[in-house]
1. Expressed in nm to one decimal, what extension gain is obtained for the pair residue 15 and residue 36 from 0.36 nm per residue of sequence separation less their Cα-Cα distance?
2. Net charge around residue 15, counting only other residues with Cβ within less than 13 Å of its Cβ (Lys, Arg = +1; Asp, Glu = -1)?
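Only the coordinates and a few stated rules stand behind these numbers; no lab work does. Here the structure is a predicted model, which means the values were calculated and not measured. Cβ placement follows ideal geometry from the backbone for every residue including glycine, while neighbour counts extend to all protein chains displayed.
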Amino acid sequence: MPQPIAPAGADAHTLDLWESLTPLGRNEFICWVTDAKKDETRARRIRRTREELEEGKRRPCCWPGCKHRERTGHA
């Protein structure tokens, strides 16, 4: 799990869940976290990323997608 997603102390189970995501899924979480403007929002999104991985979610909830990707889903 790359920084800033992997705060110190990320357990092996969370890392396994992260590794099970597709590259696009990981990128969506990374963009969602790094898109936050405030440190508090970024910290909350990191926490939610870990929670959503535990819940089996493969993409961030309620986020339209990475601004670096066209809305058609193609790079």
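1. Between residue 15 and residue 36, full extension yields 5.3 nm more.
2. Computed value for this residue: -2.
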